[in-house]
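**Q** Encoded as structure tokens, here's the structure I'll be asking about.
The values are calculated or read from the model by the stated rules, or taken from the named source; none is laboratory data. Only a predicted model underlies this, so the values are computations on that prediction, with no experimental measurement involved. No Cβ is skipped: glycine too gets one built from the backbone with ideal geometry, and neighbour counts run over all protein chains shown.
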């Protein structure tokens with residue numbers, strides 16, 4: 001996920017004014033920076049209840065050292081610096097004072113944001129920054145943007161969550177029934193499907209939430225999102241009109257992502273996991289176990 005330059009775009013019309021929200025990420029996609037951070041490892045192992053995030057450079061360093069920008073309106077100031085170095089040409093130390101004209105700087109922010117650990121209703125372990133209260137102003141977006149970019153640096157992505165740690169996605173429609181029920185598989189058929197998925201793609205991942213996929217689905221800017229009766233515990237429908245794509249996705253690992261041609265898809269009452277692959281609009285079924293492979297296959301449709 002790319003660095004967030006306009007955090008307001010990811011929060012406006014998604015979080016209502018005055019509502020509590022969090023910025024976080026799951027622990028399954030930690031970057032090398034996060035995996036080598038002793039405080040984060042202790043947090044995951046429940047040896048600490050929180051850890052202030054810092055680093056040697058970039059957005060992590062700015063969290064504790066502060067972000068400095070050009071003062072507005074822009075102006076320059078004059079400073080003198082003492083220069084000292086050894087000259088091999090002349091075989092001696094060189095010392096002199098030099099005048100520099102530099103831009104005046106000011107501190108934009110220094111948040112000292114800490115990470116904490118939480119379990120989502122879907123059973124996913126996530127790391128999150130302290131609670132935000134939605135307010136349509138520059139300070140809210142600056143602070144939330146810093147959290148988003150730190151999440152990307154540490155977890156490969158970010159996702160907003162509500163006060164119960166349910167993912168916040170731009171739901172535009174509500175269906176009064178389940179979107180993709182299981183179907184009428186026999187026990188032996190279910191066992192055979194599980195065995196096939198594990199052999200081909202995975203290693204027995206427990207069916208817990210994985211918000212990484214939802215973050216990528218959001219990043220592609222769906223034109224419509226439909227939620228069924230089961231909410232985030234069941235399938236949601238993501239529509240991408242510009243790509244003629246419709247995606248049925250479940251937050252819980254251990255399921256599969258179903259992709260359809262949006263222009264050919266006609267919602268049927270009998271559509272379920274068993275009949276989905278025979279639908280004329282069906283394009284692909286991507287199981288959840290391998291996130292890198294899932295990301296590659298999903299991205300190929302955009």
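**Q** Kindly indicate which of 2, 28, 12 is closer than 16 Å to residue 211 by Cα and modelled with pLDDT under 95.
**A** Details: 2 fails: closer than 16 Å to residue 211 by Cα; 12 fails: closer than 16 Å to residue 211 by Cα.
Testing whether each residue is closer than 16 Å to residue 211 by Cα and modelled with pLDDT under 95 leaves just 28.
**Q** Do you know which residues across region 23-49 are in contact (Cβ under 8 Å) with a residue 40 or more places away in the chain and surrounded by fewer than 13 Cβ atoms within 10 Å (Cβ to Cβ)?
**A** Listed by number, the residues that qualify are 46, 49.
Residue-wise test of (1) within 21 Å of residue 160 (Cβ to Cβ); (2) in contact (Cβ under 8 Å) with a residue 40 or more places away in the chain; (3) over 19 Å from the mean Cα position of the chain (by Cα); (4) not in a loop (DSSP other than H, G, I, E, B).
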{"site": "214", "(1), (2), (3), (4)": "yes, yes, no, yes"}
{"site": "221", "(1), (2), (3), (4)": "yes, no, no, no"}
{"site": "236", "(1), (2), (3), (4)": "yes, yes, no, yes"}
{"site": "246", "(1), (2), (3), (4)": "no, no, yes, yes"}
{"site": "254", "(1), (2), (3), (4)": "no, yes, yes, no"}
{"site": "266", "(1), (2), (3), (4)": "no, no, yes, no"}
{"site": "271", "(1), (2), (3), (4)": "no, yes, yes, no"}
{"site": "274", "(1), (2), (3), (4)": "no, yes, yes, no"}
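**Q** If I filter region 243-253 for residues that are closer than 14 Å to residue 181 by Cβ, surrounded by fewer than 16 Cβ atoms within 10 Å (Cβ to Cβ), modelled with pLDDT under 95 and touching a strand residue (DSSP E or B) at 6+ places or on another chain (Cβ under 9 Å), do I get at least one hit? Quick ask: steps written out before the conclusion?
**A** Within region 243-253, the subset closer than 14 Å to residue 181 by Cβ is 248, 250.
Adding the requirement that they be surrounded by fewer than 16 Cβ atoms within 10 Å (Cβ to Cβ) leaves none.
No, that holds for no residue.
**Q** I've got another one for you. Just a yes or no: is a residue in region 8-22 free of Cβ contacts under 8 Å to residues at least 60 places away in the same chain and under 23 Å from residue 167 (Cα atoms)?
**A** Pass one, region 8-22, residues free of Cβ contacts under 8 Å to residues at least 60 places away in the same chain: 9.
If we keep only those that are under 23 Å from residue 167 (Cα atoms) too, we end up with 9.
Scanning region 8-22, I find at least one residue that is free of Cβ contacts under 8 Å to residues at least 60 places away in the same chain and under 23 Å from residue 167 (Cα atoms), so the answer is yes.
**Q** Go through the residues of region 59-74 one by one and say whether even a single one is under 28 Å from residue 131 (Cβ atoms), loosely packed, with under 10 Cβ neighbours inside 10 Å, outside the structural domain of residue 224 (by TED's automatic domain parsing) and in contact (Cβ under 8 Å) with a residue 24 or more places away in the chain. It would help to see each step written out before you state the result.
**A** Going residue by residue through region 59-74, those that are under 28 Å from residue 131 (Cβ atoms) are 59-69.
Retained after the next criterion (residues that are loosely packed, with under 10 Cβ neighbours inside 10 Å): none.
The answer is no, given that none of the residues of region 59-74 is under 28 Å from residue 131 (Cβ atoms), loosely packed, with under 10 Cβ neighbours inside 10 Å, outside the structural domain of residue 224 (by TED's automatic domain parsing) and in contact (Cβ under 8 Å) with a residue 24 or more places away in the chain.
**Q** Give, as residue ranges, the helices (runs of 4 or more DSSP H) completely inside region 1-115 that count at least 3 residues that are more than 22 Å from the chain's Cα centre (by Cα).
**A** Working: elements: 32-35, 38-44, 58-65.
Qualifying helices (runs of 4 or more DSSP H): none found.
**Q** Something else about it: So, residue 201, is that one surrounded by 12 or more Cβ atoms within 10 Å (Cβ to Cβ), at pLDDT below 60 and within 19 Å of residue 287 (Cβ to Cβ) or not? Steps first, please.
**A** On the way: surrounded by 12 or more Cβ atoms within 10 Å (Cβ to Cβ): yes; at pLDDT below 60: yes; within 19 Å of residue 287 (Cβ to Cβ): yes.
Here the answer is yes, as residue 201 does meet what is asked.
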